[in-house]
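What follows is a single structure, written as structure tokens, with notes after it.
The values are calculated or read from the model by the stated rules, or taken from the named source; none is laboratory data. What you see is a predicted model, and the numbers here were worked out from it, not measured in a lab. Quick reminder, even Gly has a Cβ in these numbers, built from the backbone with ideal geometry, and neighbours come from all protein chains shown. Please note that ligands, DNA and RNA were not included when accessible areas were found on the heavy atoms of the full protein model with its side chains. Shrake-Rupley method; radii C 1.70, N 1.55, O 1.52, S 1.80 Å.
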Amino acid sequence: QVQLRESGGGLVQAGGSLRLSCAPSERTLNTYAVAWFRQAPGKEREFVAAISWSGGRTAYADSVKGRSTISRDNAKNTVYLQMNSLKPEDTALYYCAVDKQSLYTAVVRTSVLAYDLWGQGTQVTVSS
């Protein structure tokens, strides 16, 4: 049973920054695309950002484009989401997810249905 562990969430004021981390339990997971999703109470889970296994291709939701950066360090088996200029609307539980169908490809998917493995989430709260 492979697992993902998210960390780095917290409480920040509007305009602040956070860096979220996702660490898979096995190195083999670093051969797949990884994405970040978020879900606020009463809302649907939505796509935030994704990165291919090599880090050569990325995708961002319009709501975070220009102020967020997804990256990965496969040697450390870790994927990061740097978020700057945070807004109260960014408040949500942030999940890391793995797309197993993307093995050794440049595939970057944005649909929640494309992802097979999910972490427990890390809470991000942005105050006004």
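Tabulated data
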quantity: Residue list for region 3-19, filter: open to solvent by 50 Å² or more (accessible area, probe 1.4 Å) and among the aliphatic types (A, V, I, L, M); calculated: Leu11, Ala14
quantity: Total residues in region 67-80, condition surrounded by 17 or more Cβ atoms within 10 Å (Cβ to Cβ) and farther than 19 Å from Gln13 by Cβ; calculated: 5
quantity: Check on Leu113, among the hydrophobic types (A, V, I, L, M, F, W, C) and within 14 Å of Leu20 (Cα to Cα); calculated: no
quantity: Residue among Val48, Val124, Val64 that alone is at pLDDT 95 or above, touching a helix residue (DSSP H, G or I) at 6+ places or on another chain (Cβ under 7 Å), crowded, with 17+ Cβ neighbours inside 10 Å and of a type in the set (A, V, I, L, M); calculated: Val124
quantity: Residue within region 25-35 that is of a type in the set (D, E, K, R), modelled with pLDDT of 95 or more and either open to solvent by 60 Å² or more (accessible area, probe 1.4 Å) or under 23 Å from Thr91 (Cβ atoms) (or both) present; calculated: no
